[in-house]
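Step one of this worksheet: look at the structure below.
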Amino acid sequence: MSQALPLPDILSPAFAADPYGAYRTMRESAPLLRHEATDSYLVSRYEDVERIFKDKAQEFTTDNYDWQLEPVHGRTILQLSGREHAVRRALVAPAFRGADLQEKFLPVIERNARELIDAFRDRGETDLVESFATRFPVLVIADMLGLDRTDHERFHGWYTTVIAFLGNLAGDPDVAAAGERTRQEFAAYMIPVIQERRRAPGDDLLSALCAAEVDGVRMSDEDIKAFCSLLLAAGGETTDKAIASIFANLLAHPEQLAAVRADRSLIDRAFAETLRHTPPVHMIMRQTAREVKLTGGTVPAGATVTCLIGSANRDADRYRDPDRFDIFRTDLTSTTAFSAAADHLAFALGRHFCVGALLARAEVETGVNQLLDAMPDLRLADGFVPAEQGVFTRGPGSLPVRFTPVGD
């Protein structure tokens with residue numbers, strides 16, 4: 001395994017500006033690359049990342065979350081394994097699928113999308129990132145939990161700080177300290193709300209979490225607080241970037257935008273292809289339980305493995321013409337794209353498959369539908385070229401658009 005390859009470092013400005021060329025070089029020349037600065041092994045091919053996520057041989061753990069997530073969230077469901085993980089997941093999963101999602105939370109999603117769009121639908125121009133994408137999922141989560149919507153700016157600040165902490169690959173001490181302060185601030189806010197909801201439950205997700213019981217096990221105040229923190233960060237940042245990326249991709253391919261506008265059932269395809277082509281999360285880490293052989297070499301026991309989702313999802317051995325955005329591609333299945341049977345890696349796979357995938361799908365379907373209705377001739381602002389930002393999570397930094405208001 002070569003240690004001195006002509007690759008942009010994943011901490012470099014060149015990599016942040018455009019990681020996709022570096023990913024291609026890694027897949028072809030160094031599918032397993034030791035990265036000294038992050039003390040981890042970079043894994044870039046689809047077959048290896050898929051194997052790590054599915055982990056049928058129980059070779060990988062989420063012990064890395066002890067230092068990666070716990071300082072900012074507290075101990076979360078992602079750190080658990082075996083029966084403990086299965087029970088905790090069974091406690092939270094019902095709220096994110098089936099009747100609860102459709103009957104309780106779809107109206108919340110629809111209302112929040114409509115209210116945000118009402119603020120700019122008559123202006124003929126907006127920045128979709130600033131006015132919609134960054135605000136929509138956080139408002140939805142706050143409403144689902146039954147929290148005070150006037151605290152939206154605090155939630156937005158908390159989740160932005162948490163995502164910065166998670167993406168702090170260079171180890172900036174100020175970013176780390178800000179993340180740990182957020183954990184304390186969020187706990188001081190949430191614990192009293194959780195205790196009040198136990199005394200006087202309502203018809204909201206937080207009350208449901210307080211009351212949930214599986215095999216005699218209930219979630220503690222700390223369990224619920226940690227899950228809410230994780231939901232705010234993971235559900236906010238990723239859906240935010242997914243919605244912005246869907247529009248950036250479709251605006252770059254006007255014929256596909258026209259197809260989606262004409263047939264809204266294609267929104268699922270546009271979302272699935274965006275998750276493959278420009279995933280919101282580019283890296284997920286695991287830790288080896290024992291020595292493991294992967295393509296390109298061997299990883300010792302107890303080592304951190306950085307799974308490069310952004311690379312694996314563009315592997316030419318898995319997808320035809322992988323750098324092309326194509327909602328009609330036949331090697332990606334939209335009907336299973338939001339389930340554990342997905343054939344992209346953006347939601348991970350296996351027992352830690354994203355519990356909020358169906359919530360994200362509902363938010364995207366609703367948001368994209370309402371935005372297309374409000375902006376019939378949507379186009380980018382003159383001369384603007386969208387640019388992705390970020391390394392750990394990634395998406396357009398801004399997306400200024402123009403449109404003729406409906407009825408004008």
Just the number please: accessible area per residue for the chain, 1.4 Å probe, all protein chains included, in Å².
40 Å²
Quick tally, 1.4 Å probe accessible area for E125, E103, sorted with the most first, runs E103, E125
Pop a pseudo-label 7 angstrom from the Cα along the beta-carbon direction at both T61 and S398 and give the gap in nm to one decimal.
4.6 nm
So what is the relative contact order for the chain, in percent, with contacts set as C-alpha pairs under 8 Å and at least six apart?
26 percent
Using just the Cα positions, wrap the chain in a convex hull and report its mean projected area in square nanometres, one decimal place.
19.7 nm²
Partners for K293 among lysines (Cα-Cα distance below 17 Å; same-chain residues under 8 apart left out)
K54, K56
Low-density loop chymotrypsin sites (Phe, Trp or Tyr not before Pro), region 249-343, at most 15 other Cβ within 10 Å, DSSP non-H/G/I/E/B, are F328
Most to least accessible of W67, W158 (protein chains only, probe 1.4 Å):
W67, W158
Taking amide H atoms as placed 1.01 Å from N in the peptide plane, list the residues 5 or more away in sequence, or in a different chain, whose amide H sits under 5 Å from that of L294.
V299
Using a cut-off of 11 Å between beta-carbons, work out the net charge of the residues near A248 (Lys and Arg +1, Asp and Glu -1, A248 not included).
0
Distance between the C-alpha centers of region 287-340 and region 183-217? Whole Å please.
36 Å
Q389's amide H: which non-local residues (gap 5+, or another chain) put their own amide H closer than 5 Å, with H modeled 1.01 Å from N in plane and none for Pro or chain starts?
G395, G397
Counting only the heavy atoms of the protein chains, how much of K54 is accessible to a 1.4 Å probe, in Å² to the nearest 10?
80 Å²
Selected from A187, A242, A259 as most flexible by GNM, with the chain as the system and alpha-carbon contacts under 10 Å
A259
Please arrange D343, D382, D323, D18 by accessible surface area, largest first, computed with a 1.4 Å probe and ligands excluded.
D382, D18, D323, D343
In Å and on Cα atoms, what radius of gyration and Dmax does region 358-408 show?
13.7, 42
Identify all aspartates and glutamates with a Cα-Cα distance to K104 below 14 Å; exclude those on the same chain that are fewer than 8 residues away in sequence.
D143, D203, D204, E363
Cβ-based charge dipole, the chain, positive-most Cα from G171, P201, A312
A312
With helices defined as uninterrupted DSSP H runs, which ones in the chain have an alpha carbon span along their own long axis of at least 20 Å and mean Kyte-Doolittle hydropathy of at least -0.5?
152-166, 236-251, 357-374
Can you give the FRET efficiency to the nearest 0.05 for R181 and R290, using r as the Cβ-Cβ distance and R₀ = 41 Å?
0.65
Please report the carbon-and-sulfur percent of the accessible area for the chain; probe 1.4 Å, protein heavy atoms only, DNA, RNA and ligands left out.
50 percent
Which distance in nm do the two modelled labels at D373 and D321 give, with both placed 7 Å along the Cα-to-Cβ direction?
3.4 nm
Could you calculate the contour length gain from A262 to E213, that is, 0.36 nm times the residue separation minus the distance between their Cα atoms, to one decimal place in nm?
13.2 nm
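The values are calculated or read from the model by the stated rules, or taken from the named source; none is laboratory data. Keep in mind it's a predicted model, so treat the numbers as computed, not measured. Note that each Cβ is placed from the backbone with ideal geometry, even for glycine, and that neighbours are counted across all protein chains shown. Side chains are part of the model used for accessible areas, which takes the heavy atoms of the whole protein and leaves out ligands, DNA and RNA. Shrake-Rupley method; radii C 1.70, N 1.55, O 1.52, S 1.80 Å.
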